Amino acid sequence: MDVGAAQFEEKWPELRDLLLTCDFVGFDMEFTGLHSVFPPDKQISLFDSPTEWYRKARQSVQRFTVSQLGLSIFCKEKSDKYVAHSYNFFLFPTTFGKMDSEFSCRASSIQFLSHYGFDYNKFLKDGIPYMNEVQEKKLWHLLSGSWMIHSGFGKEKLKKVIDEVTRWVALAEERESMVLHDIYGFQMFEIQLILRQAIEDIWTVPLGDHEVMVKKMNPQQRWMLENTSYDACQKEQILLSARGFTNLFQALVKAKKPLVGHNMLMDLLHLHEKFYRPLPEDYGEFKKNIHTLFPVLMDTKNITKVVWKEFEFPQASNLMEVYKVLCSAANPTSQSCPEIMHSRDSLRYATDSFPHEAAYDAFLCGSVLLKIAHLLLSRMPCNGARAAPSFSAYLDVLATHVNQVNLVRAGVQKINFSGMDDHTEQLPLLIAEVRDWPVVNEEQIYQELRIFCRFDVRKLRRNQFLLISKRFKNVRTTLKEYKTHPNLQMSVYRHWKHSPQVTCLLQICGIVASWSLLAFLLGGSSGCIV
């Protein structure tokens, strides 16, 4: 089901109750861009440690925004059945008074989502507002003082409305009223507050979604209305509306349900930045915060890599293909797995596929988790005959994967949100030595090699470059192709042989040994003369 600002308030109680009673939540996000175009030395690289990767990704998250967030809330209704309640939330940053947001768009990202039918009108016109804690404090401060609309569009519309109301109030009798039409989003609050501030003998009341009633009344009656709890323009009410989707985020945090995603690290960065607090500079603090917010994380990308090797399933390059394999005869437990049903609000997912629609991908994440967990549990001797295991049993069999999140293009393949990261992962390294090729840089080496395969390149010395790839096949190909190259000599990197630190240490040791030998010989010669 698609949910924009117009439907969110109505759906909010139902969503909150679902989160509190469900077994787990699948989620996915779509962005206006993924990674910014930085200079080569600031781009994400296979050489990066988790700390370096985070520092670079943090800058991209601060530039882009979330256009759509999908939740698929899985509830076990019978012993052998789960119902998935799937929702697409179109989001747009809160704009109110001085509060305004800047974000970038990557043309390729916009084109990609457009290809899959993303509705940018819903994103721009009916996006649910949201804010983090810092923005919330700023808004509270604005509401406590005197302020004005700052956007050009808002000022133009406000001037027209004030002129219209001023002309009307001069001729109107007390208790007469007029209705303003086509008021959208936070204009509903902004226009009422500005009118009340500008004209003393009126009162305003919202009517429906897009209308405001203006009523003429004396100052005493107005004072009484201003101090009633029914005033829709009270600071608390405005703040509640301005927080929008952040209210649901906090309900998700409070529920402490397992959160399931696929290749979900960028999603987690955006969750922190957009709905919680601006991303901290310190990588360790980010990990600690996320683990506090979501104690149980499950990344189906990380889990799938292990299961695919173990069961030798047909190759699957994306989430949709993974789901199809697990639903096919290639999965020996596809028939005994608990049934997964769609709720009435998302029945279209039962008859068709919608790849890269956030709610549908969130549904795939949850379904893949259930199917893999059932597969792993069924092979255990003591559990092989159990037809309808509990979700806690599934969590037990997936225990080694909890809080292990896939890390794309870095020196390690995953990070651990509940402990120390594993830094033992070693990707294949080559060293390229340049001969008779003046003023060569990393970009030139990269362009030279991309004809055959992709390597990340990092300068080691003036004429030496490290090459790293995610595939051993690339290493073999490159060693073969450049075996007799006149300008590039390729060899496998050996730390004890090529590391500048080791080389420097060996040189120092050699110098010390040479001086020691010379001193010994000179000392011995002097003894002979005496």
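General remarks:
- Pick from region 457-481, criterion of a type in the set (A, V, I, L, M, F, W, C) and either in contact with an Asp or Glu (Cβ under 9 Å, 6 or more places away or on another chain) or closer than 22 Å to K42 by Cα (or both), ranking: most open to solvent (accessible area, probe 1.4 Å): L460
- Single match in I415, I431 (criterion: of a type in the set (A, V, I, L, M, F, W, C) and in contact with an Asp or Glu (Cβ under 6 Å, 6 or more places away or on another chain)): I415
- Residues of region 1-32 satisfying the condition of being among the small types (G, A, S), farther than 18 Å from D361 by Cβ and open to solvent by less than 20 Å² (accessible area, probe 1.4 Å): G4
- Subset of region 213-223 [within 15 Å of F189 (Cβ to Cβ) and buried (at least 19 other Cβ atoms within 10 Å of the Cβ)]: V214
- Considering region 445-456, and only residues there that are outside any loop (DSSP other than H, G, I, E, B) and open to solvent by less than 70 Å² (accessible area, probe 1.4 Å), the residue that is nearest to Y283 (Cα to Cα) turns out to be D456.
- Filtered by the rule that a residue be at pLDDT 80 or above and open to solvent by 100 Å² or more (accessible area, probe 1.4 Å), region 421-435 gives a lone residue, R435.
- Test for H356: is it surrounded by 18 or more Cβ atoms within 10 Å (Cβ to Cβ) and part of a loop (DSSP other than H, G, I, E, B): yes
- Only one of G185, G152, G127 that is small (G, A, S), modelled with pLDDT of 80 or more and open to solvent by less than 70 Å² (accessible area, probe 1.4 Å): G127
- With respect to the conditions (1) within 21 Å of the chain's Cα centre (by Cα); (2) free of Cβ contacts under 8 Å to residues at least 40 places away in the same chain, N88 falls short on a single one, namely (2).
- Verdict on W53 being out of contact with any helix residue (DSSP H, G or I) (no Cβ under 8 Å at 6 or more places or on another chain) and hydrophobic (A, V, I, L, M, F, W, C): yes
- Hey, E176 open to solvent by 60 Å² or more (accessible area, probe 1.4 Å), charged (D, E, K, R) and without any contact (Cβ under 8 Å) to a residue 24 or more places away in the chain or not: no
- Any chance L20 is in a helix (DSSP H, G or I) and either touching a residue at least 24 places away in the same chain (Cβ under 8 Å) or of a type in the set (F, W, Y) (or both): yes
- Some residue of region 206-215 being over 29 Å from F294 (Cβ atoms), in contact (Cβ under 8 Å) with a residue 60 or more places away in the chain and not basic (K, R): yes
- Note on region 269-352: enclosed helices (runs of 4 or more DSSP H) holding 1 or more residues that are aliphatic (A, V, I, L, M), without any contact (Cβ under 8 Å) to a residue 24 or more places away in the chain and surrounded by 14 or more Cβ atoms within 10 Å (Cβ to Cβ) are 319-327.
- Residue satisfying all of: in region 482-500; surrounded by 13 or more Cβ atoms within 10 Å (Cβ to Cβ) and farther than 17 Å from D436 by Cα; modelled with the highest pLDDT among these: S491
- When the residues of region 195-212 are filtered to those that are touching a Phe, Trp or Tyr at 6+ places or on another chain (Cβ under 9 Å) and open to solvent by less than 80 Å² (accessible area, probe 1.4 Å), the one that is farthest from D126 (Cα to Cα) is R196.
- Among the residues listed as F38, F118, the single one being part of a loop (DSSP other than H, G, I, E, B), of a type outside the set (A, V, I, L, M) and without any contact (Cβ under 8 Å) to a residue 24 or more places away in the chain: F38
- Residues of region 224-264 that are of a type in the set (A, V, I, L, M), open to solvent by 10 Å² or more (accessible area, probe 1.4 Å), in a helix (DSSP H, G or I) and touching a residue at least 24 places away in the same chain (Cβ under 8 Å): L239, A251, L252, V253, A255.
The values are calculated or read from the model by the stated rules, or taken from the named source; none is laboratory data. Not measured: the values here are computed from a predicted model. Virtual Cβ from ideal backbone geometry, glycine too; neighbours counted across all protein chains shown. The protein model used for the area step is the full one, side chains on, heavy atoms only, and it has no ligands, DNA or RNA in it. Shrake-Rupley method; radii C 1.70, N 1.55, O 1.52, S 1.80 Å.
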